[in-house]
Structures are given as structure tokens and as C-alpha cells.
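The values are calculated or read from the model by the stated rules, or taken from the named source; none is laboratory data. All figures in this text were calculated on a predicted structure; none of them were measured in a lab. We place every Cβ from the backbone using ideal geometry, glycine too, and count neighbours over all the protein chains shown. These area figures cover heavy atoms from the full protein model, side chains too; ligands, DNA and RNA do not enter into them. Shrake-Rupley method; radii C 1.70, N 1.55, O 1.52, S 1.80 Å.
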Amino acid sequence: MTSGVYIHVPFCKSRCSYCDFATDVYRGRGAVDRYVNALVKEISDPNSEFPNPTSQIETLYFGGGTPSLLSPRQLESIVSAVSDRFALADDLELTLEMNPATVTPEKLRAYRSIGVNRASFGVQTFNNRDLKLLARGHDATDARLTYIHLREAGFENVSFDLIAGLPGQSIDDWQTNLEEAVALAPEHLSLYLLEIHEGTPLAEQLRSQRRPVPDEDVAAEMYELMLEMTASAGLDQYEISNFARSGFESRHNSKYWTLDPVFGFGVSAHSFDGRERYSNERDTNLYVNAIESGASAVVAREPAELRSEFVFLGLRMMRGVDFAEYERRFGEDLRVRNGEGIDRLSSLGLIVADERRMKLTRRGALLSNEVFAEFL
Amino acid sequence: MVMNPENIRNFSIIAHIDHGKSTLADRILQLTGAVSERDMEDQLLDDMDLERERGITIKAHAVRLDYKARDGRPYVLNLIDTPGHVDFSYEVSRSLSACEGALLIVDASQGVEAQTLANTYLAIDNDLELLPVLNKIDLPSAEPDRIKEQIENIIGLDASDAVLASAKTGVGVEDILEQIVRKIPAPKGDPNAPFKALIFDSWYDSYRGVIVLFRVIDGSLKKGTKIKFLNTGREYLVETIGVNRPRPTPINELGVGEVGFMTASIKTVADVQIGDTITEAANPTKEPFPGFQEVKPMVFAGLYPTDSAQYEDLRDAMDKLRLNDASFFYEPESSTALGFGFRCGFLGLLHMEIVQERLEREFNLELITTAPGVRYRVTTTSGEVMEVDSPARMPETGRISKIEEPYIEATILTNDAYLGGILPLLDEKRGVQKKFEFVTSNRVMLVYQLPLNEIVLDFYDRLKSVSRGYASLDYHFSGYQESDLVKLDVLVSGEPVDALSLVLHRKTAEAKGKLVTAKMKELIPRQLFEVPIQAAIGSKIIARETVKAMGKNVIAKCYGGDISRKRKLLEKQKEGKKRMKKVGRVEIPQEAFLAVLKVNEG
């Protein structure tokens, strides 16, 4: 089994209206420096949560927040802390999440030379009206430029995100977005249906009826549309929300779905060592204080519910859940344990099951929470 | 030594709600020295919290008062306070039959109301001497002459001698007592005949068991006597006898015409039937006191705990309540929609409200009540006659040859200005006019035959609104009549939902079906499949709505590691479903049923 490392960078220039992640508004380099020092200390601590990583690290992923707010030097110090502590694979997948309008061609070239070989950036929509609604802090031209700059800097594995089902977004709007996305020919696309999280400004706007509440049937239609358009562009759906040219699937994210260990560092980072899940302090100041005072940043730790997670994470992938693998891992037949549920979901057309595996249908993907609940 | 009946006067008070009965009773208690000014608690006789709050009397009471009249002789006056609501008219008639006279209290500005009228007729039926009293005479709006004329026109009672009183200021109260002594006949009875007494109320006391209120007709009773209830046939040894002054006071013997209580180790009030006759077991009377009836519930509804874990608590609470209220019936019932609960029978709507409120208040329960209904008499095609008090138990349409429903005769008193709203309402409620009479120049008395079922739905509120509160209603059961009734079923995904079935008249079924299905559509969350909601009479669908299949339910991103958080989210979602009620494979939140039950009531 190979492992991955996740590094969380919480800073953002501004907060997007739909976001409920652990993020902090970027207040200049000083605060980031202090955070990076803490990160380096956490990664390097020989007594930290992962004293003896036994396996190679295959993927390194910088997520956020906005990791592209890191200067190349800051990034480099973190990467070298990781490589000092862990054995890195030769073909390491090193992903950095970026936001348009935070990167310049020079910065991208510098990232590239540090070893970043996969870029994932947030476009969300090519429609300027909708970008304003989402309070993204950039416009569509910034996104297009970022794409061009990435290619110019030599990135050969580029992914970006789009969100469907925005308030007021029509099927036509979504189609226009998809057309442009496909025309850019990225190696990878993440396409999401908007989720409204309580407490976000967007949720408030919908509640106060300042924005129309997105219709779930329209969202379902958008989902169908994106499956068709990505397929005809040669992007295979390999997970509910992820599409890639063959060989360009996110190796890092796949680790989550196949229950490979991933070690997380930084504020609100989550780790999984194969048995237990633990998570770090969610507040950046508290995180930094803890690390600086030599304490652990881990605030919660619990055994993973491996059986149910194996099934619901496995079903997120289009290849589905392999019955034989389930039996090998857990010593029982899933079809005995959940036979009735599997039959019910099959008869509702939400999954298909054969001798070897079961997987979601298109409709099952749209209603995947209903399917997963069966296996909890 | 027993009292000389010549010096006893037994009387009751008849009044419409708010015409001042309780205040007057309090004044009488004060004037006769039964309570001192210091102990005076407002509305002393209504001692249940509910009675005070609602300003109504639910239980009968009896108080023994000593009064030295102007003729210089000491009298014992027994004031028997009766419930004032149509739901309890049988109890009222029993209390009245324990008296020789009654005060007829009429508000000197408001005049005679339907409720006063009904109880007055009961008093006349029981041969009581009626003493009209015009109360609230101190108010500037009082019009004693007009109200006297009303009393004479409507009731046919000579009001020339009516006392003008104000319970508030005390004016006229002594005159009332004098009239009681002079005009109400002394009780008659044979002191040497076998002991005979009428039970007019009972209640449960957790220390002493059941306490029975009675009025002696013949003979006398001492403690230690073995007595027998004629109708139930049960025998008991009398442990204590006493009178309320108003504090319970033991007494050695009660003779002809006297009113008092006894205890005899009786476990529940269900063993004591109101209207039953008490006699001596060893020397029984030949003739029971006339007028006894078994108490029959008229209004039925399902009571369910909101939280199914409270089912046992509800049963215990009902057992306890029934110790004290034998007129309330219940039996276990289960419903796919609401789980386990009870089908309950009540004397009327007020009684139903009181029981529900007492269960919730005194036993800390949260209850769901299904739409109230009546007991139908159904004749099946095979000629079998059955009584059906729950729509869910109505036989299939094809097996029914006829349905009869209980009818009432309703008396409404109102001003002619409101007839424009009231007559169409009565028409809509399938009323048949029996009488339309101007009792004064602008006051109208209406008598209608109405199906009881129409009354238990929203009649009161509607009548109140079309008459702006200026219509009073009273009614009594008048028998069963055949009607064109149908059972309306609500089907979710083809499955009938028992708790939502209704029996109603064919002409209103379609509109109601549309209303209910539309409401259900709003309230049933989208499922994994399309859910048809139908309203049907037998196999005929009269309304249909469809809940579309769910569009999406997907967690967009699932990385990082808050996989535990996502899992908990999914678990929470699953938990929420467990709390839903299942009809077939459709999951319906309980709130949906509650909302539809509300529609059914309206």
C-alpha cells in the first residue's frame, strides 16, 4: 500500500459566498510565514502522529484555501520538509490548488521547478455575473489566462473545477460553460452540483429570497448534460464528480476512495493511517500556537468505520465496489450482509450489480446519498 | 335525628356562560356564612384549574348552607351546582332531578340564550319550580323590563316577581334566598319507606376512593349500612357519610330530602353510575328512581402520543383519568401513520377537549388527535347491522347497503341581523328547518335537525364568525337517520392511509378530496420514485396529485478527510428517515399527517 500526504493552506484573498471550508483571509506574508514555519515544524517532528512511515509517499497534495498564495520559497520549504521526513516515490504526483488572479507566469514556472506537476484550479464558472454571485474575486478572463499561463509554464496535467446548479443558472448557461471547458482540453475536470451549506452568505441570500433557490430537477438535467458532453470529449467519468483523460485520474484523491493512508498536515487537515481517522485543530491561530509550543495539533481521533466507508467511497468511483475485495478485507460477503438493500436499490435502478461488482447508475449517482445510506 | 324535610330546600342554578352563576354562588355562600370574607376564593365551586380558566363547570357540586329566614326559622339550603354545557346534559338532568327548584339567572342586558333555554326545559321536565333572577342589574346597559318580557315570551315563565340582583355588588342576594325558602317546595318523601337515594355525581379521591354525591328520596342512611346500587347490582358497606359546608363534614345520618356524600371503598367511578339508585341491601326499595340512562359517547377520535415511546404513559394516564371520568371511553387502536394509540369516545367536543387537555397537562403528554367523528350505524348487504366509530373500520363500499348517522336537534337564538350568514351555514351543514320564530321583535329562535357529524367539524367556529358571536347554540341527540354518506380514502402510492380516512356526505367528498391530496403533495418529501396521491370513494378516484421523484441528493465533494463528517451526515439523514412513518414504501414525516388532520377538521 502506498500513501499520500495532504497539506492544508487556509488562506484566501476573500471568502467565496458558498464556502464552508476552514479558510482565513490573507493578511500578508507575515502571517503566512508564521504558518509555514509551523507546518514545517509539524511535518518534521519525529514524535508526531506518524513516527515511522512504512511506505513510500506517492502523492503530495496542497489544498486550501488558496495554496497558490504561497510564494515559491514558502512552498519549497514545505516540500523539502516532506521529502526529509518521508520517502517520496520517483513518480510523485505533486498537486497544487490554485485560484486565478493569484498566479503569474513567473510564479507558475517557479512552482514547476519545485516539482509541482499537477495544477488544479478553481474556475467554477466562465460567466462573470455568476462569478460575482459566488464572490470569487476574479473574472472569467483571469481564469482563461491562468489556463494559458499554466500551459506556457509547462504543466501537462491540468484540472479545473466548475459548479452546476447556481442560483439563476439555466441549462443553456451550463452548456456554454461546458463547451468552453471542453474546448480548453484539460486533462482533468471536476464538475460539481452546488451544495448549499448552512451559515454561508449564499445560504442567507437564498433564505432571504434575494436569489432564486436552484431547482433540483434542473440540477439533475445539468448532471446528465455534463456526462454526455464530457464523454464525447474523451473525458471519462471515474468518480461522481471527476472526469479525466485516461491516465490522468487524480491519484491523490483516489487514495481517499480506496482507503489508502493519507497523512494530513496543517490546520483542519485530516489523516487516515489505515485504521484510524484523526483531524487537526480547525482554527489557524490555535493550530499555530499548539505547534509552536511543541504540542500536537490533533484534536479528534476515532477508528474508521471501514466497512461502510469502503462501500460508500468505493461506490463514488464509477468502477464500483468489488465484492471479492470486500470479502478479502472484511471476511464476509457484502451480498449477504446487505442483500436486501442491494436488491432494492437495483430494482429502483440506482445501482447495477453483477457477479463481481456493483456500481452506481447515472440516476444512482445523482441520488448517491440515498444509496450510501443503505450501507451505513 | 334527621332534619325535618319542611326546613330543607334543594335548588340549582341555571345560567348561560358569563351570566354570573359562579359569582352569585359565591355571594350566597358568603351571605349564609358558609365561607368567611377572608377565605373567599373567587368561584369557589369550580375547583378544577380547567373549570376556573374556562369559566365553566364540569363537575357537579353540592353545598349545604344554613340560613335563618325572615320568618325566623332556620333552614338548610342545598345548592347543587350543575355542569353548564350541552355535552353534559344527562348529568345536568340528574342534578336537576335532585332538586325541587332552580334559579334561572339571566343577564339583564344580554337576555335569554340557547343554553339557558335547554337547561330550563330540562328543569321544567323535572317539575322544578323556576325562580327567574335578572343579574348584573348594576350595569348601565341593563334593561330589566325588556329581559322580563323575553323570559315570558320565550320560556313562558311569569317574570313579574323576578329578583333584580347584582352578584357583584350583592344587591338582591338576600331576596333570592327568601324566594328560595318561600317558593321552592320542601322535599317530599317517606321517612319510613326503605332507603332510596339518587346518585347525581361521583369523583375519585386518592385518599378515600370514590366519593358519591346523592340525594335521599325515602328513608335514611347511617354509616355502617350495607347498601346496593340498583342498576349495577353492586353492594358496599358505607364507611363515611357527610355533607359539604363547603368543607367535608361527617354527619351521623341523612334523611328524606337531604343531600350529602358517602364513601364505601369503591375503587373507580366507573362502578358508580350517575342516575343510579342507592338502596339498603337488606331492605331494598321496589322502585328505582326514574330517568336512569347509560352514558353513551357521541364523539369519537383517535388519540396518539406524538412520541411513540409515550404509549405506555398514555395508557396509564387514561386509566387514571377514567378513575375520575367514567363517561370517557377508550380502546387500543393502531394506525400505520400514527403508530399505537387509542380510539376514544367522548360526550361531546368540549368533553374531548377537556380530556385531551387534562392528559397533556396533568400527565405531561404530547398528543395527536385525529379528526373527530361520530358513531355510524351501518347495515351491510348481508343484513348485518354494525356500529362504526372509526372511518378506518368502515366496511368496503360494496358491502354497505345503508349508513345511518346520528342527528341532533339544534336550537339557535340570535338577532335577525345575522340570519343572512346563519341560514346558508345551516343549509351547507345539511340542516333541516323545524322552527323559525321571532320571540321578540328582533330576536329569532331557530330549531334545526342537523347531522351531529357536521357539528363536530367546524360548526361552532363558523357560527361564531357569521354571527360575530351573537348566536347561542344548544342541541340534543334526536336519533339516527339514513344519509348519503361515503368513506373517503386517501391513498399514497396505492396504499390507503388509515388515519386520513373520513366519512362525509357525498356532495362534499370531491372538494375535500382535492384539498387533502393537494395538502399531502405539499408535505410528502420527494422519494426515490414517483408517488401518486389519490383520494378515492371505494374504487373510484376523485382527486389525484403526484409527488415527483427526487431529483438529486448527492454530496458533491468527498476528499480530504472529512470522510467521517460525510459519514455522519449520511447517518443523520438515515436517522431522520427512521423517524418517518412508512406507508408501503413511502416515507412520510409525521408533520404531514398532522397538517392533513387539520385540513380534515376544517
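General observations
- Breaking point among (1) in contact with a helix residue (DSSP H, G or I) (Cβ under 9 Å, 6 or more places away or on another chain); (2) within 11 Å of chain B (Cβ to nearest Cβ); (3) open to solvent by 30 Å² or more (accessible area, probe 1.4 Å); (4) farther than 30 Å from A:ALA219 by Cβ, for A:ARG275: (2)
- Positions within region A:121-159 being of a type in the set (Gly, Ala, Ser) and more than 25 Å from A:HIS252 (Cβ to Cβ), in sequence order: A:ALA135, A:GLY137, A:ALA140
- Within region A:220-260, the set of residues being touching a Leu at 6+ places or on another chain (Cβ under 7 Å), aromatic (Phe, Trp, Tyr) and not in a helix (DSSP H, G or I) comprises just one member, A:PHE243.
- Test: residue in region A:45-62 that is farther than 18 Å from A:PHE263 by Cα and not in a helix (DSSP H, G or I): no
- The residues of region A:319-343 that are exposed (fewer than 15 other Cβ atoms within 10 Å of the Cβ), part of a loop (DSSP other than H, G, I, E, B) and out of contact with any helix residue (DSSP H, G or I) (no Cβ under 6 Å at 6 or more places or on another chain), listed by number, are A:ARG319, A:GLY331, A:GLU332.
- The set of residues in region B:344-360 being in a strand (DSSP E or B) and surrounded by fewer than 24 Cβ atoms within 10 Å (Cβ to Cβ) consists of B:GLY345 alone.
- Beta carbons closer than 6 Å, at least 6 apart along the sequence or on distinct chains, pair a first residue in region B:283-301 that is among the hydroxyl-bearing types (Ser, Thr, Tyr) with a second that is open to solvent by less than 50 Å² (accessible area, probe 1.4 Å) and part of a strand (DSSP E or B) for B:THR285/B:LYS196; B:THR285/B:THR279.
- Restricting region B:536-550 to residues that are closer than 30 Å to A:LEU360 by Cβ, surrounded by fewer than 17 Cβ atoms within 10 Å (Cβ to Cβ) and out of contact with any strand residue (DSSP E or B) (no Cβ under 6 Å at 6 or more places or on another chain), the residue that is nearest to the other protein chains (Cβ to nearest Cβ) is B:LYS548.
- Set B:LEU446, B:LEU463: member being in a helix (DSSP H, G or I), of a type outside the set (Phe, Trp, Tyr) and crowded, with 22+ Cβ neighbours inside 10 Å: B:LEU463
- Within region A:226-240, the set of residues being open to solvent by 30 Å² or more (accessible area, probe 1.4 Å) and over 14 Å from A:SER190 (Cα atoms) comprises A:GLU228, A:SER232, A:GLY234.
- One residue stands out among those in region A:196-220 that are surrounded by fewer than 16 Cβ atoms within 10 Å (Cβ to Cβ) and within 25 Å of B:PHE529 (Cβ to Cβ): the one that is farthest from the other protein chains (Cβ to nearest Cβ), which is A:VAL213.
- Restricting A:ASP91, A:ASP33 to those that are in contact (Cβ under 8 Å) with a residue 24 or more places away in the chain and over 20 Å from A:VAL288 (Cα atoms) reduces the list to A:ASP91.
- Selection count where residues are over 17 Å from B:LYS21 (Cα atoms) and either among the hydroxyl-bearing types (Ser, Thr, Tyr) or open to solvent by 10 Å² or more (accessible area, probe 1.4 Å) (or both), scope region B:143-166: 15
- A single member of B:LEU569, B:LEU523 is surrounded by fewer than 19 Cβ atoms within 10 Å (Cβ to Cβ), away from chain A (no Cβ under 14 Å) and of a type outside the set (S, T, N, Q), and it is B:LEU523.
- Single unsatisfied condition, A:SER346 versus (1) more than 22 Å from B:SER564 (Cα to Cα); (2) at pLDDT 95 or above; (3) away from chain B (no Cβ under 14 Å); (4) part of a helix (DSSP H, G or I): (3)
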